[in-house]
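Following: one structure in structure tokens, then a few remarks.
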Amino acid sequence: MTSGGITLQNLPKELPVDFLKEITKNFSNELLLGTGAFGSVYKGILNDGGVVAVKRLAENSPVPRDKIFANEVQNIMALEHDNIVKLVAYCREANNRLVQSNGRHIIAEITETLLCYEYLPKGSLDQNLFGTSASSIDWNERFKIIKGICEAIHFLHTLSSPVLHLGLKPQNILLDGNMTPKIADFGFSRIFGQEQTRMNTRSVVGSVGYMAPEYLYNGEISARSDIYSLGLIIMEISTKEKNSPSTDQKHARNYVDGVKKIWTPEKIMSEYPDIEDHCTDQVEECINIGLQCVEIDQHKRPTIQKIVNMINKLPMN
Ligand SMILES: Nc1ncnc2c1ncn2[C@@H]1O[C@H](COP(=O)(O)OP(=O)(O)OP(=O)(O)O)[C@@H](O)[C@H]1O
């Protein structure tokens, strides 16, 4: 298959590796969008100018590539929601290649595992909140982003077979051209019953600073783990202050204590001097929701249904 007549509209679900090489100029640095723990992401440009994001899973990824592939293709591909990144195609192909090993040439079977997503031009929420253009996001946009993320988690947690993301953090939330947030990276995700709690059978990997303590220390998984991570994300969006993704839990606790202490109504007014009164209430309530979500006692955290209800009750513009 060549990229000839292939457009975003008629893109087959299963793609050969040669096609993906062609549209990424052989995975060139020039088209590299970024690299994470699971692999590198490239811009893939189709002949009609359409763009996809091509993730080439790394061999040394913290979750085995076949597990990520199965998670994304079997569980996530069918999910349709405005606030969830769409997986548009995939590729898993084994080829024999001549490689050098200890000075000898040998034939080795190399499996390429690639996932193609809709392309989101503004990059990650992290880049937008804390990168160079950070200050330009006003409160209304921040509130819209919080609502969109909550709606995506509500969708995932209330499916008949609920999906837990288990890796939520600002780096895994991407923004489209209208600043609509879309949750990405389902590499750690699990599907199971809403009221269920399970013990993790894999070693716990990911960004410690966003992980619920019961998940990090005891490997205990439930929808409440996602709620904890969501709380930190809501606080970061509302306060413009960054939590640290990779350091220890103590850092996250200090962050939460700081928000609780510093973010009084006066602080809100000084940080958002130009917003209307009803928006000040929105900021206050969002910080309050964030703080409830990061309760150490997981049973004190609100469900996503309750969070969405609280947000929808807030006066809008
Ligand atoms: N669908 C996409 N559209 C546009 N850019 C993307 C897309 N997916 C990923 N990227 C870019 O590629 C970068 C790397 O993404 P990737 O998912 O591999 O890692 P990460 O989320 O930053 O980290 P980790 O996977 O370790 O949690 C992102 O920061 C983002 O800028």
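What follows is calculated from the coordinates using simple rules that are stated; it is not laboratory data. Everything numeric here is computed off the predicted structure, so don't read it as measured data. Quick reminder, even Gly has a Cβ in these numbers, built from the backbone with ideal geometry, and neighbours come from all protein chains shown.
Approximating the spin labels as points 7 Å out from Cα along Cα→Cβ, the E241-to-T7 distance works out to 5.0 nm.
Largest first, the extents of the alpha carbon coordinates of segment 102-155 on the three principal axes equal 61, 32, 17 Å.
Each peptide in 69-82, 51-64 was scored by the mean count of other Cβ atoms within 10 Å over its residues; highest first, the order is 51-64, 69-82. Per-residue ellipticity at 222 nm for the chain, helices alone: DSSP H runs ≥ 4 residues times -39500 (n - 2.57), over residue total, nearest 500 deg cm²/dmol? Value at 222 nm, helices only, nearest 500: -10500 deg cm²/dmol. Ranked by the mean number of other Cβ atoms within 10 Å per residue, highest first, peptides 105-112, 33-40 order as 33-40, 105-112. About the centre of its Cα atoms, segment 17-118 shows a dipole size close to 360 debye [charges on the beta carbon of Lys, Arg (+1) and Asp, Glu (-1) only; nearest 20 debye].
Extending 7 Å from Cα along the Cβ direction at E276 and again at Y217 yields two label points whose distance is 4.5 nm.
Report the calculated FRET efficiency for A78 and Q100 (r = Cβ-Cβ distance, R0 = 41 Å), to the nearest 0.05.
Here the calculated transfer efficiency is 0.45.
Distance between the 7 Å Cα→Cβ label points at T180 and K122: 1.2 nm.
Between K21 and D66, the C-beta separation translates, for a Förster distance of 22 Å, into a calculated FRET efficiency of about 0.55. Each of G39, N96, Q74 was placed along the dipole of segment 17-118 (beta-carbon charges, centred on the mean Cα), and the one lying farthest toward the positive end is N96. In segment 132-175, the convex hull through the Cα atoms has an average projected area of 3.6 nm², a quarter of its surface area.
When all alpha carbon pairs of the chain are counted in 20 Å bins from zero, the resulting P(r) reads 31, 54, 14, 1 %.
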